[in-house]
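Since every read-out is calculated from the coordinates, none of them should be taken as a lab result. As the structure is a computational prediction, the values presented were derived from the model and not from experiment. Note: ideal-geometry Cβ built from the backbone for every residue, glycine included; neighbour counts use all protein chains shown.
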Amino acid sequence: MMKKMWRSRGAIVAYLVLIVASLLAAGPLVVVIFASLKGQYEIVANTSRLLPEQFSLYWFDSLLRKTDFLIYVRNSLVYSSLSTLLGIVISSLAAYAITRFRGKKQKIFTRGIVLTYMFPPILLAIPYFMLVSSLGLANTVPGLLMAYMSFTVPFCTYLLVSYFKTVPRDVEEAALIDGLTRPGVFWRISLPLVAPGVVATAIFAFINAWNEFLYSLLIISTGSRQTISVGLYSLKGGMETLQWGDMMAASVLVVIPSVVFFSIIQKSIAAGLTAGAGK
């Protein structure tokens, strides 16, 4: 009886903690959404009120009329998709090769990947900019994708190594005996078995590229090629000229797609993370 009471109390405490954590996480987003729906003057005149007196799309209309924000969204979608696709292809091959090494070689390569990913982006920003400029790729999409690969490939490879470790070698050896080549084993046997992990890794890689700011700011100088994070930053002016409504509307357009995307595919993420938990 006492055990059941303690278990029920523990469950209540756990739910309360989750509720508080959810409110803390969702609170700023809720404030931003309601602020973006306030009228032209209400957002400044009535900052203490959460709900708008009258819902309005004025700031969204203002943002889309005065800026090229939709172009920034398109650019980010293209850049993030390309970097995710290239990163997943390269990382899948690298992770598969690493997991097929035995003994110390596997540990050396795995630790090397972790070491590469430990360097903060700000430390590598200037060297990458100098490299891209020396290759004549400054202010180009290939130059930006090269910089994106510097954090996408190590990140994806490190995650995919744990998934490929779960593939039984006996299955691969049986396929080789049946006549499949090593590339055929990879594409037809190993890769389909770790598909949930690949999907989960691709999602995280896409979000990382979508939110990237530093490399985009340094490498891309043409306004029509900028990403959504730099476009959001460009709305910031002095305190006298800063349009809070435009900032709130832009923040909603940046964050909401990610939230909706995660909500739709959360089952795939959970399946992928569970698949890699075996080792």
Quick one: Cα convex hull volume of the chain, Å³ per residue?
206 Å³
Fewest-first ordering of E173, E212 by Cβ atoms within 10 Å yields E173, E212
Calculated P(r) tail over 18 Å for segment 12-171, as whole % of Cα pairs:
75 percent
Longest to shortest principal axis, alpha-carbon extents of segment 2-58, angstrom:
58, 14, 14
Within a Gaussian network of the chain (alpha carbon springs, distance under 10 Å), most fluctuating of A175, A35, A94:
A175
Find the relative contact order for segment 27-114 and round it to a whole percent, using C-alpha pairs within less than 8 Å whose residues are 6+ positions apart.
18 percent
Helix runs (DSSP H) in the chain reaching 27 Å along axis by Cα, Kyte-Doolittle at least 0.5:
2-36, 69-99, 141-164, 244-264
What relative contact order, as a whole-number percentage, does segment 2-58 give when Cα pairs under 8 Å and 6 or more residues apart are counted?
29 percent
Arranged by the count of other C-beta atoms within 10 angstrom, fewest first, what order do S263, S234 take?
S263, S234
Scoring segment 67-278 by relative contact order with C-alpha pairs under 8 Å, at least six apart, yields a percentage of 33 percent
Spatially close lysines, pair count over the chain: Cα under 26 Å, gap of eight or more or interchain
12
Once A174 and K107 are pulled to full extension, the length gained, defined as 0.36 nm per residue separation minus their Cα-Cα distance, is 21.5 nm
